[in-house]
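Colleague: Following this message is one structure expressed as structure tokens.
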Amino acid sequence: MKRIELMELVRERQVGTVSRRDFLVRASAFLGSAAAANTLLAACAPFVDQTPPPPVIDSTQPPPEPGLSTNGELETGVVTYAGPDEESLMGYLAYTPGQQAQPVVIVIQEWWGLNEHIKDVARRFAEEGYVALAPDLYHGQVATEPDEARKLAMELSMGDAVGEIEAAIAYLRAQDYTTDQVGIVGFCMGGGLVLQTAVADSTISAAVPFYGQPVSQDAAGQISAPVLSFLGTRDGISASAYESMHETLAANDVPNHFQLYEGAQHAFFNDTRASYSPDAAADAWQRTLEWFDKYLRSET
């Protein structure tokens, strides 16, 4: 019953019938902590999306077999690596082989899962000379409908997800084609996980959250990685919460920048959705490349 009531609360937030404050109060009561409520809020920020759903993928089917293949000049495909408890994890890897060691970019999925859009983002970073890895946090499942995405996001332990992201980082750092410099970028739910990982892991060299739930000022005080954040004015996430987080980063002399795009919606970077904003996405991409070039290539 508790789970049904929580899912109904999420639905009410999606359609805009419950305020942000009331959502956090009620979700905190269900989940037992304000942090968990804020994480759930990031995954269900209301937005209007009229894009036809992507092709249906049967999430009951086993995930693809690991293995890399050549995609132009890139090597791409599924790799496996050990998780925090030595369980087998998977992710989508893209890089250019045969070159000197390159910095790492970890790409964190939206609440839809490791779909073709996220894989494409990983390939785009690889084409820019990075070793890109997108961890499969849903372990082979990909959502195509909001209700399914909400269910998967609610079932995901954010603490476990951070652990899996750190396992992906450790895997790539152990390869002879990577440097120790690691950047992390994520979108929506993944944006929030970028910040949570930056709180947990002081070895990250740069963090770029796209419209994810910002962390509290206390948590922001634990971040040492330079942070570049993106948000649209038509997003359901509070710009003032981002501003407060960045004020804390600045007070601690952590390099940071918050870019707010007028008129942009949630998921403005996702070119498979109706919320896509070409101008904002292009500008954010260029700023992201400049950020990573500045903070990931200093020792390469």
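Colleague: Check Asp176 against each of (1) in a loop (DSSP other than H, G, I, E, B); (2) open to solvent by 20 Å² or more (accessible area, probe 1.4 Å); (3) without any contact (Cβ under 8 Å) to a residue 60 or more places away in the chain and name the one condition it does not meet.
Modeller: (3)
Okay, residues lined up against (1) open to solvent by less than 30 Å² (accessible area, probe 1.4 Å); (2) under 18 Å from the mean Cα position of the chain (by Cα); (3) free of Cβ contacts under 8 Å to residues at least 24 places away in the same chain:
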| residue | (1), (2), (3) |
| --- | --- |
| Gly263 | no, no, no |
| His266 | yes, yes, no |
| Ser275 | yes, yes, no |
| Ala281 | yes, yes, yes |
| Glu290 | no, no, yes |
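Colleague: Considering only residues that are among the aliphatic types (A, V, I, L, M) and either farther than 25 Å from Phe230 by Cβ or crowded, with 22+ Cβ neighbours inside 10 Å (or both), which ones fall in region 179-206?
Modeller: Here is the first cut: in region 179-206, the residues among the aliphatic types (A, V, I, L, M) are 182, 184-185, 189, 193-195, 198-200, 204, 206.
Listed by number, the residues that qualify are Val182, Ile184, Val185, Met189, Leu193, Val194, Leu195, Ala198, Ile204, Ala206.
Colleague: Ala241 - would you say it is under 12 Å from Pro214 (Cα atoms), assigned to a helix (DSSP H, G or I) and open to solvent by 10 Å² or more (accessible area, probe 1.4 Å)?
Modeller: Values: under 12 Å from Pro214 (Cα atoms): yes; assigned to a helix (DSSP H, G or I): yes; open to solvent by 10 Å² or more (accessible area, probe 1.4 Å): yes.
In short, yes.
Colleague: Just a yes or no: is a residue in region 137-148 under 25 Å from Leu289 (Cα atoms) and either over 15 Å from the mean Cα position of the chain (by Cα) or crowded, with 24+ Cβ neighbours inside 10 Å (or both)?
Modeller: Taking region 137-148 and keeping what is under 25 Å from Leu289 (Cα atoms), we get 137.
From what's left, either over 15 Å from the mean Cα position of the chain (by Cα) or crowded, with 24+ Cβ neighbours inside 10 Å (or both): 137.
Looking for residues that are under 25 Å from Leu289 (Cα atoms) and either over 15 Å from the mean Cα position of the chain (by Cα) or crowded, with 24+ Cβ neighbours inside 10 Å (or both), one finds at least one in region 137-148, hence yes.
Colleague: Taking Tyr295 as meeting all but one of (1) under 22 Å from Gly113 (Cα atoms); (2) of a type outside the set (Val, Ile, Thr); (3) part of a helix (DSSP H, G or I), write down the number of the exception.
Modeller: (1)
The values are calculated or read from the model by the stated rules, or taken from the named source; none is laboratory data. Everything quoted here is computed from the prediction, not taken from an experiment. Heads up, the Cβs are rebuilt from the backbone with ideal geometry, glycines too, and the neighbour counts pull from every protein chain shown. Protein only, heavy atoms only, side chains kept; ligands, DNA and RNA dropped before computing areas. Shrake-Rupley method; radii C 1.70, N 1.55, O 1.52, S 1.80 Å.
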